[in-house]
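Here, each number is a calculation from the coordinates, and none is a lab measurement. Worth saying up front: this structure is predicted, and the values here are computed from it rather than measured. Cβ atoms come from the backbone with ideal geometry, glycine included; neighbour counts cover every protein chain shown.
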Amino acid sequence: MTTETAPVRPLPLIDDETRFFWDGTREHRLLMQYCADCKRYHHYPRPVCPGCLSSDMAPEELSGRGRVYTYTIAEQAFHPFFADRLPYVLVVVDLEEQPGLRFVSELVQCSPEEVSVGMPVEVVWEDVTEEVTLPLFKPAGSADRAVQA
Amino acid sequence: MSGAGRRVAIVGVGYSTVGRDTGLSLKQLIAQGAAAAMADGGVEQADIDGVAMHAFPQHFVPAYECGALLGLPSLKWTSGSIEGPAFLSAGIHAAAAVASGTADVVLALRPMLRLGATGPTPGARAAGGRQFLEPFGAGRPAQWAGMIKQRMMSEFGWGEEAFGRQMVAQREFAAMNPDALLRNRITLDDYMNTRYVAKPLRLLDCDYPVDSCGAVIFTTEERARDFKQKPVFVESWSFGTSGESDFELAEDMTRTSSFDAAAAMWARTSLTPQDVQVAGLYDGFSPITLNWMEALGLCGRGEASDFVAEGNTSLGGRVPVNCDGGATNVGRVHGVNHVAEVVRQLRGTSGDRQRPDAKVGVAANSIAAFTACMLMSAE
Ligand SMILES: [Zn+2]
């Protein structure tokens, strides 16, 4: 339940280019554009493949597994929603499907002291609204714990 | 010289009032900054035939309007940019306009109003690429800087001291610079005891937001003789860009497009990294300063920590870096200071902060998605 004064998490302005991604997350599927011509994934969604300029790209489902490329511990909130969640862990995940295919997210179910570069992680879903589900990450293989909405 | 064209010289540098909450408007700041650079160089309104402007979109004043503001009624060339690597975005446009013969005397401006540590507007939806950052509580510059600092530490086995020593050295310079805003000397312990913004990024790794306008005047080698300062020559320059436009997605965070900009700059000159005696390296966040040391070849990849620890970048070192104190101490004039202090050093007018016999210097701005560097010489 939100009240008039409770800060609300920033939500995506879903557009024609990004709708497939958020449609996927709502079904707990991590989708990224895949170029049929040069066989590469791309993130963020874009109108043409930067590898070969093909527009023959379709969403493909990823495993949701990867490793931490780097991280930062947010110690200051720049939006009121995050003020009482400090500190929280932001990660850049190297997804396993392709070298250098990255996703920026929050690492949950992991204390700031436990995160490290190279750590295996996997996607975990946070249903924020009926429309928006966020792909967060947690340490790979750890038992799923309920995520604070 | 940077390829074909006329040899370019810098003949004037200056700042507006620089401070927090100056109460000055953008146009007041621009007028003050321009007047300071003109007075420094002995440049008259009638001399100027080009204006290059770089500013953030929310604080942008078109270059042609600056012409009208400053009594320059008939400019041959103007350029306004809201994108790219801080002041050098305008500085390189100005140098290129002079080199090409499009204009003879160009005023390059970088005005800004203090930006606080603001984030997205509560209630607003995150559009475009921002929708893959802001819902996660990501996307603020200090956060990607923290990510880059962490990656440098993990990949190179550095401690936070790598960055802290450079910040201590810069504050030492600032203590000798009457124009610096933060002038009390600090120790490595002081650095290690400041709070984290985005761990491992600390408050003392960040520049100091201010209201300001910095200005630099570029002209030809020939016209430079008409003005009062000993000219500083612009030997080479380049921009760099990368395959991802978001800093968080930089493919190789310990390299980035700064290495490409530097390689392109060095490819167009007979000077080499070993010739550099003084440097102004962007310090919006301290990891950027160390990245440029490596990008420019002042030291090897992964060696910036040792390079700083050995004293090379401090007062009395081989290549003193950010001898005005840097934007962490003179305020976020957004790259103008990195050019202006190198110019003063190559003129030999930096007083107590002077690197003895400095003949070659380099300035560099930004990291990752867009970068730029400019090589300067006294002769
Ligand atoms: Zn392709």
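If I build a Gaussian network model for chain B, linking alpha-carbon pairs within less than 10 angstrom, which residue out of B:Val13, B:Val98, B:Val197 has the largest mean-square fluctuation?
Answer for the Gaussian network model of chain B: B:Val197.
Which of these, B:Phe156, B:Phe259, B:Phe307, has the largest mean-square fluctuation under a Gaussian network model of chain B (Cα springs below 10 Å)?
B:Phe156
Using a 10 angstrom cutoff on alpha carbons, build the Gaussian network for chain B and name the most mobile of B:Pro231, B:Pro122, B:Pro287.
It is B:Pro122.
Run a plain Debye calculation on chain B (Cα atoms as equal point scatterers, no solvent) and give log10 I(q)/I(0) at q = 0.07 Å⁻¹, rounded to two decimals, same order as the q list.
-0.27
Any cysteines in chain A with zero other Cys Cβ atoms under 4.7 Å from their Cβ? List them, or say none.
Among the cysteines of chain A, those whose Cβ sits 4.7 Å or more from every other are A:Cys110.
How much net charge surrounds A:Leu30 when only other residues with a Cβ under 11 Å from its Cβ are counted (Lys, Arg +1; Asp, Glu -1)?
Working: positive: A:Arg29, A:Arg65; negative: A:Glu27, A:Glu60, A:Glu61, A:Glu97, A:Glu122.
Neighbour charge sum, excluding A:Leu30 itself: -3.
On alpha carbon coordinates alone, what is the Rg over Rh value for the protein assembly as shown, Rh being the Kirkwood radius?
Details: Rg = 23.8 Å, Rh = 24.0 Å.
Checking Rg against Rh, the ratio lands at 0.99.
Treating only the Cβ atoms of Lys and Arg (+1) and Asp and Glu (-1) as charged, compute the dipole magnitude of chain A about its Cα centre; round to the nearest 20 debye.
Numbers: 13 positive and 24 negative charges, 72 e Å.
Dipole size: approximately 340 debye.
Count charges around B:Tyr15 for me, please; just the other residues with Cβ under 13 Å from its Cβ, Lys/Arg as +1, Asp/Glu as -1. Could the numbers behind the result be given before it?
Details: positive: B:Arg110, B:Arg332, B:Arg344; negative: B:Asp40, B:Asp179, B:Asp211, B:Asp324, B:Glu341.
So the environment of B:Tyr15 carries a net charge of -2.
Quick check for me: using +1 on Lys/Arg Cβ and -1 on Asp/Glu Cβ, what's the dipole size of the protein assembly as shown about its Cα centre, in debye to the nearest 20?
On the way: 46 positive and 64 negative charges, 256 e Å.
Value, rounded to 20: 1220 debye.
Ignoring everything except DSSP H segments at least 4 long, calculate the 222 nm mean residue ellipticity for the protein assembly as shown; use -39,500 (n - 2.57) per segment, divide by total residues, nearest 500. Spell out each step's value before the answer.
Numbers: 13 runs with 128 residues, N = 528.
Computed ellipticity for the protein assembly as shown at 222 nm equals -7000 deg cm²/dmol.
With the radius of gyration and the Kirkwood radius both derived from the Cα set of the range A:25-149, what is their ratio Rg to Rh?
On the way: Rg = 15.5 Å, Rh = 15.6 Å.
Dividing the radius of gyration by the Kirkwood radius yields 1.00.
Across peptide B:120-128, what mean number of C-beta atoms from other chains lies inside 10 Å of a residue's C-beta?
Working: counts 4, 2, 6, 4, 4, 6, 4, 5, 7.
Across the residues of B:120-128, the mean count of other-chain Cβ atoms within 10 Å is 5.
Applying 1/(1 + (r/R0)^6) with R0 = 30 Å to the Cβ-Cβ distance of B:Arg301 and B:Arg20, what FRET efficiency is obtained, to the nearest 0.05? Provide the component values of the computation, followed by the final result.
Working: r = 37 Å, r/R0 = 1.25.
Rounded to the nearest 0.05, the efficiency is 0.20.
Step through the table entries B:Lys27/B:Lys228; B:Lys228/B:Lys359; A:Lys138/B:Lys149; B:Lys76/B:Lys359; B:Lys199/B:Lys359; B:Lys27/B:Lys359, compare each Cα-Cα distance with 29 Å, and write down the pairs that go over it.
Numbers: B:Lys27/B:Lys228 27 Å; B:Lys228/B:Lys359 19 Å; A:Lys138/B:Lys149 22 Å; B:Lys76/B:Lys359 32 Å; B:Lys199/B:Lys359 39 Å; B:Lys27/B:Lys359 35 Å.
Beyond 29 Å: B:Lys76/B:Lys359; B:Lys199/B:Lys359; B:Lys27/B:Lys359.
Let me check I've understood the local charge: for B:Val333, count other residues with C-beta under 12 angstrom from its C-beta, Lys and Arg +1, Asp and Glu -1. What total comes out? Each step should come with its number before you reach the end.
On the way: positive: B:Arg110, B:Arg114, B:Arg332; negative: B:Asp179, B:Asp207, B:Asp211, B:Asp283, B:Asp324, B:Glu341.
Net charge around B:Val333: -3.
Could you work out the relative contact order of the range A:63-149, using alpha carbon pairs under 8 angstrom and six or more residues apart, expressed as a whole percent? Intermediate results must be reported in sequence, preceding the final value.
Values: 168 pairs, mean separation 24.8, N = 87.
With pairs under 8 Å counted, the relative contact order is 29 percent.
Could you give me the ³J(HN,Hα) list for the range B:226-241, computed from phi with Karplus coefficients 6.51, -1.76, 1.60 and θ = phi - 60°, whole Hz, x at Gly and Pro?
6, 9, 8, 8, 5, x, 10, 8, 9, 8, 6, 7, 6, 8, x, 9
How large are Rg and Dmax for the range A:14-62 when only the alpha carbon atoms are used, in Å?
According to the Cα coordinates of the range A:14-62, Rg and Dmax are 10.4, 30 Å.
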